[in-house]
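Heads up: the structure comes next, in structure tokens.
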Amino acid sequence: LFGYVGIEAVLDQMKIKTMKTGFEFNIMVVGQSGLGKSTMVNTLFKSKVSRKSSQPGQEERIPKTVQLQSITHVIEEKGVKMKLTVTDTPGFGDQINNENCWDPIIKYINEQYERYLREEILITRKRKIPDTRVHGCVYFVPPTGHWLRPLDLEFMRRLSRIVNVVPVIAKADTLTLEERAEFKQRIQEDLKTHTISVYPQEDFDQDPEDRALNDRIREKIPFAVVGADQEHQVNGKRVLGRKTKWGIIEVENPAHCEFPLLRDLLIRSHLQDLKDITHNVHYESYRVRRLNESNR
Ligand code: GDP
Ligand code: MG
């Protein structure tokens, strides 16, 4: 009766369960205002979700983001439903004094851990706890081509302690390919010098194979991204892109920018890993901290 059940069978059952109930995945975009965060939210959804709503050349004005705002879409891939939520945040840097500009963001991230914790410690737990925790936080670095600014370092240092941080070079179309590569190198050095551990963190590589895969990703981080929410006609096909005087920059074309790498990392190859690290590392350290507090 209790014979051996192959692991495949168990995995199949898990898959059937997720197919029915679906799962939640939450991303947040953070960075100074004007770096294309709100545009990137649209780019992510438009590159995944149906494009019916947008007409070629149609101008969509993105209003300035003034508060934290979440957009959710249910996406279905290979029969599995994913509830993808992207939280857009107001940019900082508009004030003369940027001191503590990270407070509202950090507060939001912790509030989601707190919500989860409250559900988890209830005696009659829900069968499935709603998950609003931020699984990945995309940090937009301004395309200066120089070094990271003290503000970016400080912000990323604070964020990386509580959430998976995925830095990107914003508006990469304003840099040449050589400038992008050089800037990327400098940012990697900067992060290393300041011991800021961004995703995928070396400490959490599971085995040599995992390490080899993640090393290849770490070489490419921060991704040089371009965002767009308009479509253009290129060789008879409609593509998401930005029109410049040199032609159209196709955001989904890997030869034009690294937006496809960002999208694939977040919502394909590393989705489960981002969820696991959020739960096992970031949420766990929040939980331990909170329970220690209340035991004092
Ligand atoms: P946010 O303040 O970070 O949310 O930035 P927005 O998404 O509102 O974009 C600010 C401006 O930058 C808008 O005029 C966008 O069209 C433009 N923009 C957004 N993404 C890019 C990009 O990748 N490259 C360039 N050149 N401009 C961009
Ligand atoms: Mg915005």
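The values are calculated or read from the model by the stated rules, or taken from the named source; none is laboratory data. Not measured: the values here are computed from a predicted model. Neighbour counts are summed over all protein chains in view; Cβ atoms, including those assigned to glycine, are modelled from backbone coordinates with ideal geometry. In case anyone asks, the SASA skips ligands and DNA or RNA and just uses the protein heavy atoms, side chains included. Shrake-Rupley method; radii C 1.70, N 1.55, O 1.52, S 1.80 Å.
Looking only at segment 68-84, which residues are more than 16 Å from ligand 2 (Cβ to nearest atom) and not basic (Lys, Arg)?
Within segment 68-84, Thr72, His73, Val74, Ile75, Glu76, Glu77, Gly79, Val80, Met82, Leu84 qualify.
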Scanning segment 33-62 for residues that are open to solvent by 50 Å² or more (accessible area, probe 1.4 Å) and within 8 Å of ligand 1 (Cβ to nearest atom), the one modelled with the highest pLDDT turns out to be Gly34
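Here is a yes/no grid of residues against (1) more than 20 Å from Leu261 (Cα to Cα); (2) in contact with a helix residue (DSSP H, G or I) (Cβ under 8 Å, 6 or more places away or on another chain); (3) away from ligand 2 (no atom under 16 Å from the Cβ):
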{"position": "Gly91", "(1), (2), (3)": "yes, yes, no"}
{"position": "Lys107", "(1), (2), (3)": "yes, no, yes"}
{"position": "Arg115", "(1), (2), (3)": "yes, no, yes"}
{"position": "Ile129", "(1), (2), (3)": "yes, yes, yes"}
{"position": "Ala172", "(1), (2), (3)": "no, yes, yes"}
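Residues in segment 115-164 that are of a type outside the set (A, V, I, L, M) and open to solvent by 50 Å² or more (accessible area, probe 1.4 Å): how many?
First, the residues of segment 115-164 that are of a type outside the set (A, V, I, L, M): 115-116, 118-120, 124-128, 130-133, 135-137, 139-140, 142-147, 149-150, 152, 154-155, 157-158, 160-161, 164.
Filter again for open to solvent by 50 Å² or more (accessible area, probe 1.4 Å), leaving 115, 118, 124-128, 130, 144, 146-147, 149-150, 154, 157-158, 161.
Matching residues across segment 115-164 total 17.
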With the first residue restricted to segment 188-205 and required to be closer than 25 Å to Asp264 by Cβ, and the second required to be of a type in the set (D, E, K, R), Cβ contacts under 6 Å at 6 or more apart or on different chains are Ile196/Arg157; Asp205/Arg211
Query raised in the report: With respect to Ser285, is the statement that it is at pLDDT below 95 and open to solvent by 30 Å² or more (accessible area, probe 1.4 Å) true?
Result: no
Checked against (1) exposed (fewer than 12 other Cβ atoms within 10 Å of the Cβ); (2) among the polar types (S, T, N, Q); (3) within 12 Å of ligand 1 (Cβ to nearest atom), Gln206 satisfies every condition except (3)
How many residues of segment 215-257 are under 30 Å from Asp203 (Cβ atoms) and open to solvent by 40 Å² or more (accessible area, probe 1.4 Å)? The answer is 6
Those residues of segment 165-183 which are within 18 Å of the chain's Cα centre (by Cα) and open to solvent by 20 Å² or more (accessible area, probe 1.4 Å) amount to Lys171
